[in-house]
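Single-structure report; data block below.
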Amino acid sequence: MSESLHVVCSHCGGVNRIPRERLAQHPKCGKCKQPLFAGTSAEVDDAMLQKQIQRSDIPVVVDFWAPWCGPCKMMAPAFAQATAQLEPQVRMLKLNTEQHQQLAGQLGIRSIPTMILFRNGQEVDRMSGALDARGIASWVSQKL
């Protein structure tokens, strides 16, 4: 019997149970029928981020950014490339710190861009500053 993983849909927040070997087979959400992994990072709000961190069995990487931040804009294409490489083994998300200042403060975001890697509901590591796609993928792989 294969191990099933809980994967939170970035579209509707539905929690899906997916056999590990089916992760790469483009599974769809049982609730909204959207792809669980689209090869692009999802922009999330406070509630969706908390649900992703607490309910997903796969690691979650969050890019904390702001629209006025030059390094954030510079890193955005690299984060997108890393997302295409790392999904479906890792959920890649973005949180706008301008719109969600309270959560950014609670998580101790002092500079942006900052990426935090969560696993099993806990922070594993964080990295501040812009990285290229290879740097992002390497950092995630080292920490898992």
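The values are calculated or read from the model by the stated rules, or taken from the named source; none is laboratory data. Just so it is clear, the model here is predicted, and its values are computed rather than measured. Virtual Cβ from ideal backbone geometry, glycine too; neighbours counted across all protein chains shown. Quick note on the areas: whole protein, heavy atoms, side chains included, nothing else; ligands and nucleic acids left out. Shrake-Rupley method; radii C 1.70, N 1.55, O 1.52, S 1.80 Å.
Given a 1.4 Å probe and every protein chain left where it sits, what share in percent of the accessible area of segment 54-144 is carbon and sulfur?
The computed percentage sits at 47.
Distance cut-off 23 Å, Cα to Cα: go down the list Lys51/Lys73; Lys51/Lys94; Lys33/Lys143 and report the pairs above it.
Pairs exceeding 23 Å: Lys51/Lys73; Lys33/Lys143.
With each pseudo-label sitting 7 Å past Cα toward Cβ, what's the Val15-Ala84 distance in nm, one decimal?
Taking the two extended label points, one gets 3.3 nm.
At 7 Å along Cα-to-Cβ for each site, give me the label-to-label distance between Lys33 and Gln99 in nm.
2.6
Helix by helix, which DSSP H runs in the chain go 15 Å or more along their axis at the Cα atoms and have an average Kyte-Doolittle hydropathy of 0.0 or more?
Result, helices passing both filters: 70-86.
Semi-axes of the equivalent ellipsoid for the chain, please: Cα gyration tensor eigenvalues, times 5, square-rooted, ordered largest first, whole Å.
With the √(5λ) rule applied to the chain, the semi-axes are 24, 16, 14 Å.
Nearest 5 is fine: what % of DSSP beta bridges in the chain come out antiparallel, could you say?
70
Could you provide, to the nearest whole Å², the per residue accessible area of segment 64-133 with probe 1.4 Å?
49
For segment 12-61, what is the accessible area per residue in Å², given a 1.4 Å probe and the full set of protein chains?
That works out to 54 Å² per residue.
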